[in-house]
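A.B. asks: Here you go, one structure.
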Amino acid sequence: MFFSIVPITNANDGLNVPSYSDIDMDTPALQFLPTNDNSTFLWLLGKLNVDIDYARWLGWLFTPIIISFLLPVLILILLYMSSLWLFIYKYRYGLVDAYRHDFWYGAIKTLAVVWETIGWLWHGHEIEGLENIPIEGPALIVYYHGAIPIDVYYLLARVILKKGRLVHTVGDRFLFKIPGWNVLMEAFRVIPGTVSSCSNVLKEGNILAIAPGGVYEAQFGTQLYEVLWKKRLGFAKVALEAQTPIIPMFTQNIREAFRTARWGSRFWQWLYSRTKLPLIPIYGFFPVKMKTFIGKPIPYDPENTPEILAAKVDILFHGKKFFFFHFGCIYFLQHFRLQMLSKA
């Protein structure tokens, strides 16, 4: 017995029915027909003389392949989210106790966990010498100002979580004029940088962080890490008046994480001299490894003058002693020297 396959026919058989690509959508009778996104897409393919059936076939062919490449990315995101949640979960008891003790302090500690997490996840941030920051009593932290002092944010978070202390900071006056930032300045004890206000904070037994270079150093510093303090003595006067030790601080790769535009430097310096505002473009937030080094305190000495004390701190920053002995760069220099000798 023989079987034959008989094609199914419909009412259009025997008629010359044009394909979708043959229909002229510019015909006045068709311009007012309702369309959807799919019909518009098919019309566009017809205008481009693309075989619609072939395009659909390619779509069905490559969709599973594209999905197969996207799924591992989704798993990676889920793993990061899981790691992030577990990292925050470690601090759950501390956060609960903080909210029970003081709601304001609980909010600060919660933000500290967030910034600690960002530093750990994005920059692999580490702090060497955290033990040099006292558990009690005053101290003046003097640090190099990056384009954005994100290392200071990480330090504040670590000190809050590990030592239970809030580091007061000195901020430029323009910060207090930014809408919506007043509560942030109040919560994290950011104050204008006057000698009297800074001395009072230290005399009350608090820790204060200050960048002598300020906004100028943030804008016009380079990857050479020049110290742009312009002979400022305010921080030295503060330390002497409050009879407080100075703790030097520097973060490796802070200039690689955020950078300022190098073009038009004369124009930006002229604009800063007129406005005193940080208007130079900043770019970055690159995921580079960051490590903060906290040096041993420079004790209070009544024999020091502001000039002498500022010079001592300048030697640690601008000289090579702080960089090479406290940053561990001696190892890299010796390693480089041995390589050069082996090649000689």
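The values are calculated or read from the model by the stated rules, or taken from the named source; none is laboratory data. This is a predicted model, so every value here is computed, not measured. Cβ placement follows ideal geometry from the backbone for every residue including glycine, while neighbour counts extend to all protein chains displayed. Side chains included, ligands, DNA and RNA excluded: accessible areas come from the protein's heavy atoms. Shrake-Rupley method; radii C 1.70, N 1.55, O 1.52, S 1.80 Å.
A.B. asks: Filter the range 184-199 down to the residues that are modelled with pLDDT of 90 or more and among the hydroxyl-bearing types (Ser, Thr, Tyr), then identify the one that is least open to solvent (accessible area, probe 1.4 Å).
C.D. replies: Of everything passing the filter in the range 184-199, 199 is least open to solvent (accessible area, probe 1.4 Å).
A.B. asks: Yes or no: residue 205 open to solvent by less than 30 Å² (accessible area, probe 1.4 Å) and closer than 15 Å to residue 249 by Cβ? Walk me through it before giving the result.
C.D. replies: Working: open to solvent by less than 30 Å² (accessible area, probe 1.4 Å): yes; closer than 15 Å to residue 249 by Cβ: no.
Answer is no for this residue.
A.B. asks: Suppose we filter 231, 276 for residues that are more than 21 Å from residue 178 (Cβ to Cβ) and open to solvent by 20 Å² or more (accessible area, probe 1.4 Å); which single one remains? Spell out how you get there, then give the answer.
C.D. replies: On the way: 276 fails: more than 21 Å from residue 178 (Cβ to Cβ).
After ruling out the rest, the residue left standing is 231.
A.B. asks: Quick check: anything in the range 115-131 within 30 Å of residue 299 (Cα to Cα), in contact (Cβ under 8 Å) with a residue 60 or more places away in the chain, out of contact with any strand residue (DSSP E or B) (no Cβ under 8 Å at 6 or more places or on another chain) and among the charged types (D, E, K, R)? Lay out the reasoning, then the answer.
C.D. replies: Here is the first cut: in the range 115-131, the ones within 30 Å of residue 299 (Cα to Cα) are 116, 125-131.
If we keep only those that are in contact (Cβ under 8 Å) with a residue 60 or more places away in the chain too, we end up with 125-130.
Next, from what is left, pick out any that are out of contact with any strand residue (DSSP E or B) (no Cβ under 8 Å at 6 or more places or on another chain): none.
Taking every residue of the range 115-131 in turn, none turns out to be within 30 Å of residue 299 (Cα to Cα), in contact (Cβ under 8 Å) with a residue 60 or more places away in the chain, out of contact with any strand residue (DSSP E or B) (no Cβ under 8 Å at 6 or more places or on another chain) and among the charged types (D, E, K, R).
A.B. asks: Please enumerate the residues belonging to the range 166-183 that are aliphatic (A, V, I, L, M) and open to solvent by 60 Å² or more (accessible area, probe 1.4 Å).
C.D. replies: As a first pass, look at the range 166-183 and keep what is aliphatic (A, V, I, L, M): 166-167, 170, 175, 178, 183.
Within the range 166-183, 183 is the sole residue that qualifies.
A.B. asks: A follow-up question, please. On the basis of being in contact (Cβ under 8 Å) with a residue 12 or more places away in the chain, among the hydrophobic types (A, V, I, L, M, F, W, C) and closer than 24 Å to residue 123 by Cα, does residue 209 make the cut?
C.D. replies: For residue 209, the condition - in contact (Cβ under 8 Å) with a residue 12 or more places away in the chain, among the hydrophobic types (A, V, I, L, M, F, W, C) and closer than 24 Å to residue 123 by Cα - is met.
A.B. asks: I need the full set of residues from the range 169-212 which are closer than 22 Å to residue 106 by Cα and of a type outside the set (A, V, I, L, M), in order please.
C.D. replies: Within the range 169-212, 169, 180, 181, 182, 186, 188, 189, 205, 206 qualify.
A.B. asks: In the range 179-212, which residue that is in contact with a helix residue (DSSP H, G or I) (Cβ under 9 Å, 6 or more places away or on another chain) and part of a loop (DSSP other than H, G, I, E, B) is nearest to residue 145 (Cα to Cα)?
C.D. replies: 211
A.B. asks: Also: Against the condition in contact (Cβ under 8 Å) with a residue 12 or more places away in the chain, open to solvent by 40 Å² or more (accessible area, probe 1.4 Å), touching a Gly at 6+ places or on another chain (Cβ under 9 Å) and β-branched (Val, Ile, Thr), how does residue 148 come out, does it pass?
C.D. replies: In short, yes.
A.B. asks: Next question. Does residue 296 fit the bill of being open to solvent by 50 Å² or more (accessible area, probe 1.4 Å) and within 30 Å of residue 243 (Cα to Cα)?
C.D. replies: It is true that residue 296 is open to solvent by 50 Å² or more (accessible area, probe 1.4 Å) and within 30 Å of residue 243 (Cα to Cα).
A.B. asks: Identify, from the list 226, 186, the residue that is closer than 17 Å to residue 317 by Cα and acidic (Asp, Glu).
C.D. replies: After ruling out the rest, the residue left standing is 226.
A.B. asks: Only one of 40, 63 is at pLDDT 75 or above, open to solvent by less than 90 Å² (accessible area, probe 1.4 Å) and among the β-branched types (Val, Ile, Thr); which?
C.D. replies: 63
A.B. asks: In addition: Cβ-Cβ under 9 Å, sequence separation 6+ or interchain: first residue in the range 183-198 and without any contact (Cβ under 8 Å) to a residue 40 or more places away in the chain and more than 16 Å from residue 160 (Cβ to Cβ), partner of a type in the set (D, E, K, R) and surrounded by 13 or more Cβ atoms within 10 Å (Cβ to Cβ). Which pairs?
C.D. replies: 192/172; 196/241
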